[in-house]
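Below: the structure, in structure tokens.
The values are calculated or read from the model by the stated rules, or taken from the named source; none is laboratory data. From a predicted model like this one, the values you see are computed outputs, not experimental measurements. When we count neighbours, we look across all protein chains shown, and the Cβ atoms used for this are built from the backbone with ideal geometry, even at glycine. The area values use the complete protein model at the heavy-atom level, side chains included, leaving out ligands, DNA and RNA. Shrake-Rupley method; radii C 1.70, N 1.55, O 1.52, S 1.80 Å.
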Amino acid sequence: MRHRSIRTSQCARALWLLGLRPPVEEDELARAWKQRVARTHPDLHASSEQRSEAATVLTRALNDARDVVQAWIDSGREWPEPSMGGRREPARRPAAPGPAPATVCRRTGLRAGDRVRIWPYDGEPVVVRGTEVEAGAGVVWVLLADGAAATADRVRLAAYGCPVCGACAGPVDAGLVTRPCGDCLRDLRMLEQRSSEAPRIRSAIEARSEAGRATARSLESEWLSHRAAERGRWARRLRTAGPDDLHAALLGAFTRAFERWAA
């Protein structure tokens, strides 16, 4: 979004949607976006399919609005007045599709481009080139961009924040990505196979969210801490859900997070 030419009408609508008055600073934008997403997140409306779908649409619109306003801040252009509508502009030819995303390894949850740390996990992050399964032994090897390789049990994700459970890891830099953690990807596969696993997985999410808050504090990241805290509150609210509602809420949260990342 930051590399596209943003129309004045787009910015005016984004300001209106986020309840902002120009000029807007980055911290003000972050606060407005967080406050609205905290109320519209689809997970909060999992008991109703229609409300959940509506919340998904609104959350996506808020995310797009945040990106538009951030791009406008970066551009330094004169601010428009907030407006719900705007002059209709000629339709543009759709952009050519970009390259397909790298394939996700179902055994490790990793794909090419991910940043990881290798045991003893105290070095700088390295980039994943791919994964291979050793014939016969079934050992999964993670191939690294520098030509090295390590077994999957000696590899940990770096520079990420999980939108499902709030688990995270540094460094907090330009390479920080929002993506499901390996534990959440494994739990999604378990949920698809056995709904009886839902209570255990809910408890695991709650535990990972607490660990995520501690990690975020050590990284001095307010955003990661906020996400982990929100995930913990969501998991605690599910304590009283019935078996079917619990399974549906968890499966919906996992599936949406995985699809957004994999796309």
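Observations on the model:
- Spin-label proximity, Val133 to the range 183-222 - amide N less than 20 Å from point 7 Å beyond Cα toward beta carbon: 183-194
- Overall dimensions of the range 127-263 as given by Cα atoms, namely Rg and Dmax in Å: 16.1, 49
- Descending by average beta-carbon neighbour count within 10 Å, the peptides 63-75, 191-203 line up as 63-75, 191-203, the highest first.
- Distance between the range 216-263 and the range 152-174 - C-alpha centres, whole angstrom: 15 Å
- Between 0 and 90 degrees, the angle of helix 222-237 with respect to the longest Cα principal axis of the chain falls at about 70 degrees.
- Rolling a 1.4 Å probe over the heavy atoms of the protein chains gives the chain an accessible area of 57 Å² per residue.
- Extent along principal axes [Cα atoms of the chain; Å; largest to smallest]: 64, 48, 39
- Rolling a 1.4 Å probe over the protein heavy atoms of the range 105-260, with every protein chain left in place, gives an accessible area that is 50 percent carbon and sulfur.
- Cα shape, the range 146-208, gyration tensor, a/c 1.5 rule: oblate
- Beta bridge orientation in the chain: antiparallel %, DSSP, nearest 5: 90 percent
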